[in-house]
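See below for the structure under consideration.
The values are calculated or read from the model by the stated rules, or taken from the named source; none is laboratory data. On a predicted model such as this, the values are computed, not experimentally measured, just so you know. Cβ placement follows ideal geometry from the backbone for every residue including glycine, while neighbour counts extend to all protein chains displayed. In case anyone asks, the SASA skips ligands and DNA or RNA and just uses the protein heavy atoms, side chains included. Shrake-Rupley method; radii C 1.70, N 1.55, O 1.52, S 1.80 Å.
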Amino acid sequence: MSLTQQLLLRALVARFWKTPYAPPRLARWGTELHDRFLLPFFVWQDLEDVIAELAAEGYPLQKAWFTPHFEFRFPKYGDYAARSVDLELRGALEPWNVMGEDAAAGGTARYVDSSLERLQVAVTGLAPDRYVVACNGRALPLQPTGRVGEFVAGVRYRAWQPPRCLHPHIGVHSPLTFDVVDTWMNKSLGGCQYHVTHPGGLSFVELPVNAFAAEGRRLARFFRMGHTPGRVEVAPPSPSADFPFTLDLRKP
């Protein structure tokens, strides 16, 4: 993985040395940098554009070489299928805010609010006129990817409650319960649950020895069960004007 990263950087340096990057104007992404480009789908799409541009300049890199990087940075939490609707949960990027200075032994310290996390929900085979995907009873603002029946959305949630954090009155949102809701019948066709920590309260003392041990711990926090029973009525999604790809569970 390190050699592949170095190869990519050397190819970029050679390409820019040979042909400097001088577009007529740069795109002003604004809040999309903290919305669209924190989701794995669009990060990978952006990387594909970079590799295609390098190949056109005579540097034939393969996108398959970077699959281990993608799986390492955006691990798969689990998947679920109901009525030909497939859900996939993956970890996403989440920037952490630095708090103000606090007095500490021997000086001052600035805590980092690492309590927020984000995941991506990728849905295929969805009929948007009938079905919606809800997280903890709230509809996801699913955005089309360009393929028929395929949508993605991000979920931002509080994973744990630290002693120093922004909005300390907002509690933990775990476990996250995802439902495929039939809006015509007002019922959940099924769903899954994702726990931030071990659902049985197990606390690991040591770090995982390898990627397989880490994956085993991650899979133990995902269940293909636990959907909302009974009659389910989910309000239509109300996407944010600044962050239309993300459902922020901190906001009412």
Mind ranking Trp96, Trp65 by accessible surface for me, highest first, 1.4 Å probe? Trp96, Trp65
By accessible area (1.4 Å), largest first, His198, His173, His167 order as His167, His198, His173
Give me the accessible area of Thr197, 1.4 Å probe, in Å² rounded to the nearest 10. 90
In segment 70-128, if the dipole is taken from +1 on Lys/Arg beta carbons and -1 on Asp/Glu beta carbons about the Cα centre, which of Ala109, Asn97, Pro75 is farthest to the positive end? Pro75
What's the center-to-center distance, using Cα atoms, between segment 77-121 and segment 223-238 in Å? 23
For the charge dipole of the chain, defined by +1 on Lys and Arg C-beta atoms and -1 on Asp and Glu C-beta atoms about the Cα centroid, which residue among Phe222, Leu12, Phe41 has the Cα displaced farthest towards the positive pole? Phe222
Could you put Ser2, Ser174 in order of accessible surface area, largest first, with the 1.4 Å probe and the full protein assembly present? Ser2, Ser174
Neighbours of Glu117 by Cβ distance under 9 Å: Lys/Arg at +1, Asp/Glu at -1, summed charge +2
Per the charge dipole of segment 127-252 (beta-carbon charges, Lys/Arg positive, Asp/Glu negative, Cα centre), the residue among Val155, His195, Thr246 reaching farthest to the positive end is His195
Where the accessible area of the chain is counted over protein heavy atoms with a 1.4 Å probe, how much of it, in %, is carbon and sulfur? 58
Using the Kyte-Doolittle scale, find the helices of the chain whose mean hydropathy is at least -1.0 and whose Cα atoms extend 15 Å or more along the helix's long axis, counting only whole DSSP H runs. 2-18, 40-56
Which residue fluctuates the most in the chain, going by a Gaussian network model with Cα springs under 10 Å, if the choices are Ala92, Ala139, Ala56? Ala56
Run the quick spin-label model on Ala220 and Thr19: label points 7 Å from Cα toward the beta carbon, then report their separation in nm to one decimal. 5.1
Which stretch or stretches of segment 146-190 have amide N atoms under 16 Å from the point lying 7 Å from Ala27's Cα along the Cα→Cβ direction? 146
Value at 222 nm in deg cm²/dmol, rounded to 500, when DSSP H runs of n ≥ 4 in the chain each add -39,500 (n - 2.57): -6000 deg cm²/dmol
For His227, other-chain or 5+-apart residues with amide H closer than 5 Å (H placed, Pro excluded) are Gly191
Within the under-14-Å Cβ sphere about Arg138, not counting Arg138, Lys/Arg +1 and Asp/Glu -1 give a net charge of 0
To the nearest 10 square angstrom, what accessible area does Arg15 show with a 1.4 Å probe? 20
Could you run the Debye sum over the Cα atoms of segment 148-206, one equal point scatterer each and no solvent, and tell me log10 of I(q)/I(0) at q = 0.21 Å⁻¹, two decimals? -1.01
With every protein chain kept in place and a 1.4 Å probe, segment 70-114 has an accessible area per residue in Å² of 59
Per-residue accessible area for His34 at 1.4 Å probe radius, Å² rounded to 10? 100
How would segment 92-197 be classified by its alpha-carbon gyration tensor: rounded, prolate or oblate, with rounded meaning a/c under 1.5 and the a/b versus b/c comparison settling the rest? prolate
Using +1 on the beta carbon of Lys and Arg, -1 on that of Asp and Glu, and nothing else charged, what's the dipole of segment 42-89 about the Cα centre, debye to 20? 220
